[in-house]
Each structure stands twice: as structure tokens, then as C-alpha cells.
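*Asks:* Quick one: the structure is below, and I'll ask about it shortly.
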Amino acid sequence: MSIAENYQRVREEIPDNVTIVLAGKTRTPEEIDEVIEAGATDIGENYVQEAEAMYDSLGEKAKKVRWHMIGHLQKNKINKALGIFDVIQTVDSLEKAAAIDKRAQGIEKPVSIYLEINIGSEMTKAGIKPEYEVIENLVREISKLEHLSFEGLMTMGPRFGNPEDSISYFRKTKNIFERIKALNLPRVKTETLSMGMSNSYKIAIEEGSNMIRLGTVVFGERNLKNS
Ligand SMILES: *Cc1c(COP(=O)(O)O)cnc(C)c1O
């Protein structure tokens with residue numbers, strides 16, 4: 001099946017309120033172009049430089065979709081990132097949020113950010129430890145930053161061969177999400193729960209995700225050399 005067909009098949013099988021972010025890493029501009037033509041609304045990139053190259057090669061078409069930073073954002077790349085991305089999904093400290101806020105002055109609209117939760121407390125993964133009080137405090141502090149708009153949580157979750165094993169991690173993340181939402185903090189829009197990838201998106205949606213990030217299932221296997 002073609003990329004367009006793969007995208008449309010997933011789009012049809014999931015509820016309308018779930019946003020699909022297509023992970024663009026290692027893909028060519030032609031592949032991203034094809035998926036945008038097929039109706040894709042959101043593209044995710046892991047690196048600022050690759051996002052920039054992709055954005056430039058897509059020309060006018062790049063402006064038709066929302067761009068999400070889904071990789072680790074280095075401090076010295078924030079300015080460039082703000083020129084491309086609509087959403088930074090990987091904020092994992094107040095320091096990082098403050099650095100983005102500072103550089104977002106002068107941008108018309110507040111920059112949308114999600115907090116990345118390291119739900120499995122994995123040493124090798126980025127993100128905030130899944131301690132509710134820590135996360136709540138962080139959201140409270142971030143809500144005071146005028147050029148940012150806190151809009152949700154993102155998690156990678158541990159990668160298991162068997163997606164069923166992710167259930168408890170997805171549940172924990174959803175629980176934190178609901179508790180933050182219930183605070184009804186001013187200037188806080190707890191709307192998006194970004195969890196689930198190619199191997200786990202169906203289960204993630206069952207567990208309350210409303211944004212999935214897909215690469216392989218739409219574009220095919222990545223070349224391992226540069227994934
Ligand atoms: C690559 C990537 C995905 C998509 O991975 P697939 O398993 O190919 O669907 C999702 N989220 C992040 C942060 C990624 O880097």
C-alpha cells in the first residue's frame with residue numbers, strides 16, 4: 001500500500017478527535033508531501049536542523065500543517081525552533097520552559113508546549129519523572145510564563161515488543177493528565193495527551209490518548225542506520 005493509503009486507513013480506523021502527528025525522521029520531502037496531500041494535518045520532527053530542511057523543501061505546503069518538536073530541544077536551537085514549530089512537545093524542566101519563554105517574546109501567539117513525562121522512569125529517556133506533585137508544580141510555574149501556553153502531556157513510554165505491556169504506563173499518564181486538568185488553573189489548557197506510536201497507538205487510544213505519533217505504520221520501516 002502507498003503512504004497515502006496507509007495514512008487514510010489509520011485515519012479511518014481511529015476516532016475523529018484523535019490527532020495524528022506523522023514522525024518525519026529519515027523520511028524524504030516527497031514522502032512528507034505525499035502524506036500531506038493525503039490529508040495529514042500535523043508533522044513531527046526530532047531535530048531542528050532536519051525540520052528546517054524539510055520545511056524549506058516543502059515550500060508553501062509546509063504552511064498547511066502544524067509542526068511539532070518531538071525530539072530533545074537543545075537550548076542553542078530554541079530560536080530556530082520557534083521559527084518552525086507550532087508545538088514543542090518535549091519540555092521537561094522549568095529551566096527549559098523559561099528559556100523558550102524568553103525567546104518567544106515578540107512572537108504574536110504564545111508557543112504551545114507539552115510536558116514530556118518519562119513514565120517508565122527510564123535512565124536513558126528524556127522527560128520528567130512521573131511524580132505527580134513535581135509535575136503539578138511545574139505546570140503551575142509554567143502557567144506564569146506569559147509567552148507559553150501549556151496544553152498537554154507527552155510520553156514515549158517504554159518500548160515493549162508486546163504493546164499490551166504499555167497499558168499500565170499509559171494509564172498512569174492519563175491519570176496525571178486528568179488530575180492536572182481538574183485543577184482548572186488559569187492560562188492552562190490541558191487538552192492534549194500525546195501518547196502512542198506505530199506499535200501501540202490502538203491501546204494508547206483505548207487508554208485515553210488523543211494524539212498519536214506515527215512513523216513506521218504509515219511510511220514503512222526506517223533504515224536502521226539513520227533512525
Ligand atoms: C519516531 C518517533 C515516533 C514514531 O515512531 P514509530 O514507531 O515509527 O511510529 C513517535 N514519537 C517520537 C518521539 C519519535 O521519535
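The values are calculated or read from the model by the stated rules, or taken from the named source; none is laboratory data. For clarity, every value in this text was computed on a predicted model and none was experimentally measured. Please note: Cβ atoms are built from the backbone with ideal geometry, for glycine as well, and neighbour counts cover all protein chains shown. Please note that ligands, DNA and RNA were not included when accessible areas were found on the heavy atoms of the full protein model with its side chains. Shrake-Rupley method; radii C 1.70, N 1.55, O 1.52, S 1.80 Å.
*Asks:* Please report the net charge: other residues with Cβ closer than 10 Å to the Cβ of P158, K and R +1, D and E -1. Don't jump to the answer; show the numbers that get you there.
*Replies:* Working: positive: K125, R159; negative: E122, D165.
Net charge in that neighbourhood comes out at 0.
*Asks:* Which lysines, on any chain, are close to K181 with Cα under 17 Å apart, when same-chain ones fewer than 8 places away are left out?
*Replies:* K181 reaches K144, K172, K189.
*Asks:* Using θ = phi - 60° and the Karplus curve 6.51 cos²θ - 1.76 cosθ + 1.60, what whole-Hz ³J(HN,Hα) does each residue of the range 125-132 get, with Gly and Pro shown as x?
*Replies:* The phi angles translate into 9, 6, x, 7, 4, x, 9, 3 Hz.
*Asks:* Still on this structure: May I ask you to derive the FRET efficiency for E136 and R66 from their Cβ-Cβ distance with R0 = 30 Å, giving the value to the nearest 0.05?
*Replies:* Numbers: r = 27 Å, r/R0 = 0.90.
Once rounded, the FRET efficiency stands at 0.65.
*Asks:* Taking a virtual spin label 7 Å from the Cα of E30 along the C-beta vector, which residues in the range 47-79 bring their backbone nitrogen under 19 Å of it?
*Replies:* Backbone N within reach: 53-62.
*Asks:* To the nearest Å, what is the center-to-center distance of the range 83-142 and the range 157-224, using C-alpha atoms only?
*Replies:* A separation of 16 Å, based on Cα centres.
*Asks:* Rounded to whole Å and sorted largest first, what semi-axes of the equivalent ellipsoid does the C-alpha gyration tensor of the range 97-227 yield via the square root of 5 times each eigenvalue? Show your work: numbers first, answer last.
*Replies:* Numbers: eigenvalues 145, 65, 36 Å².
Value: 27, 18, 13 Å, ordered largest first.
*Asks:* Over the chain, what percent of the accessible surface lies on carbon and sulfur atoms, probe 1.4 Å? Display every interim value, and only then the final one.
*Replies:* On the way: 5190 of 11040 Å².
Percent of accessible area from carbon and sulfur atoms in the chain: 47.
*Asks:* Leaving out ligands and nucleic acids, note down the accessible area per residue over the range 134-227 with a 1.4 angstrom probe, in whole Å². Don't skip to the answer; put the middle values down first.
*Replies:* Details: 4540 Å² over 94 residues.
Per residue, the range 134-227 has an accessible area of 48 Å².
*Asks:* Between K80 and M123, what's the calculated FRET efficiency when r is the beta-carbon distance and R0 is 30 Å? Round to 0.05. Working shown, then result.
*Replies:* Details: r = 29 Å, r/R0 = 0.97.
The calculated FRET efficiency here is 0.55.
*Asks:* Further question: Summing -39500 (n - 2.57) over the DSSP H runs of n ≥ 4 in the chain and dividing by its residue number, what mean residue ellipticity at 222 nm do you reach, to the nearest 500 deg cm²/dmol? List each step's numbers first, then the result.
*Replies:* Values: 9 runs with 85 residues, N = 227.
It lands at -11000 deg cm²/dmol.
*Asks:* Can you tell me the FRET efficiency between Q105 and A182 if r is taken as the Cβ-Cβ distance and R0 is 41 Å, rounded to the nearest 0.05?
*Replies:* Working: r = 31 Å, r/R0 = 0.76.
My answer for the efficiency is 0.85.
*Asks:* Output the Cα-based Rg and Dmax of the chain in Å, rounding Rg to one decimal and Dmax to a whole number.
*Replies:* Just the Cα atoms of the chain yield Rg and Dmax of 16.8, 48 Å.
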